[in-house]
Amino acid sequence: MKVILWLLLFISGLAYGQQQKGVAEVDRLHRQKFTWLISKNYDSLNWLMDDRVKYIHSNGWIQTKQEVIDDLKSNKLNYTAVSITESDVVFYGTEVAIVTGKGTFKGLMPDKTEFKLNLLYSEVYVRYKKQWRLTSRLATKI
């Protein structure tokens with residue numbers, strides 16, 4: 001009986017450790033995405049975003065993966081700084097993670113006027129073939 005109890009505790013510890021590793025990995029990716037947006041690292045963004053992603057901005061503007069990348073290339077979408085003040089990652093099973101966060105987003109409009117937005121956002125990541133993919137993002141002004 002003690003052996004079974006110890007075995008269960010060991011397995012629980014391993015599962016918890018794996019989940020904590022996943023939380024750190026998704027949080028790192030979600031933060032790295034903002035650096036890629038600022039530096040216009042198209043290849044990395046293309047890799048991270050699922051082909052079916054819905055990228056919903058705080059003004060209700062909805063973009064596909066290709067539209068996000070195209071608008072970064074044309075400077076229609078131009079982030080200059082992102083400062084994350086809070087973020088939390090919650091797992092649903094082992095293949096879905098939801099990130100909620102708050103931050104300040106700065107950038108330039110197409111006419112070169114500056115913007116600064118305090119946003120609350122939610123992002124959904126799904127693990128597909130051992131890789132995390134951003135499948136949905138929704139932001140709202142706070």
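The values are calculated or read from the model by the stated rules, or taken from the named source; none is laboratory data. From a predicted model like this one, the values you see are computed outputs, not experimental measurements. Methodologically, a virtual Cβ is constructed for each residue, glycine included, from the backbone with ideal geometry; neighbour enumeration extends over all protein chains shown.
Among Thr35, Thr135, which is the only one that is within 23 Å of Gly22 (Cβ to Cβ) and either in a helix (DSSP H, G or I) or touching a helix residue (DSSP H, G or I) at 6+ places or on another chain (Cβ under 7 Å) (or both)?
Of Thr35, Thr135, the one residue that is within 23 Å of Gly22 (Cβ to Cβ) and either in a helix (DSSP H, G or I) or touching a helix residue (DSSP H, G or I) at 6+ places or on another chain (Cβ under 7 Å) (or both) is Thr35.
Mind listing whichever residues of the range 86-104 are more than 14 Å from the chain's Cα centre (by Cα) and assigned to a strand (DSSP E or B)?
Result: Tyr92, Thr104.
Say whether the condition of being buried (at least 17 other Cβ atoms within 10 Å of the Cβ), closer than 19 Å to Ala24 by Cβ and under 16 Å from the mean Cα position of the chain (by Cα) is met by at least one residue in the range 59-81.
No.
May I ask you to say which residue of Val126, Val53 is surrounded by fewer than 17 Cβ atoms within 10 Å (Cβ to Cβ), within 17 Å of Val26 (Cβ to Cβ), aliphatic (A, V, I, L, M) and touching a residue at least 40 places away in the same chain (Cβ under 8 Å)?
Going through Val126, Val53 in turn, just one is surrounded by fewer than 17 Cβ atoms within 10 Å (Cβ to Cβ), within 17 Å of Val26 (Cβ to Cβ), aliphatic (A, V, I, L, M) and touching a residue at least 40 places away in the same chain (Cβ under 8 Å): Val126.
Looking at the range 34-48, I want the residues that are under 16 Å from Leu108 (Cα atoms) and have a partner that is at pLDDT below 95 and part of a helix (DSSP H, G or I) with Cβ atoms under 6 Å, at least 6 apart or on another chain. Which pairs are those?
Lys40/Leu72
Name the residues in the range 49-83 that are among the basic types (Lys, Arg), in contact with a Phe, Trp or Tyr (Cβ under 8 Å, 6 or more places away or on another chain) and under 16 Å from Gly107 (Cα atoms), would you?
Scanning the range 49-83 gives a single hit, Lys73.
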